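To start, the structure itself, in structure tokens.
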């Protein structure tokens, strides 16, 4: 029986030439305000969320609802928050009309 050789053998055996790493700039001493930060995957948006116990029946019902309706968690949360704001008339109470 022939001896098996790894496909990675040539890549592992031959040392790769390394290019010198560019000099790193030091981090700024002051952090930008949250409004000025544009990093992340969704520029112009902010995260609104919470952490729940996986055994919480409400959290479980939410996951099942998302799966059965084939809607994203973001879509369902946006609808729920909109209804909550309307229920308490928060847009009027806090000056947004």
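Quick note: the coordinates plus some simple rules give every number you see, no bench work behind them. Values in this document were obtained by computation on a predicted structure and should not be read as measured data. Don't worry about glycine lacking a Cβ; one is built from the backbone with ideal geometry, like all the others, and counts go over all protein chains shown.
Per-structure values
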quantity: Highest to lowest packing among 73-84, 41-52, scored as the average C-beta count within 10 Å; calculated: 73-84, 41-52
quantity: Separation of the residue 77 and residue 63 label points, Cα + 7 Å toward Cβ, nm; calculated: 1.6 nm
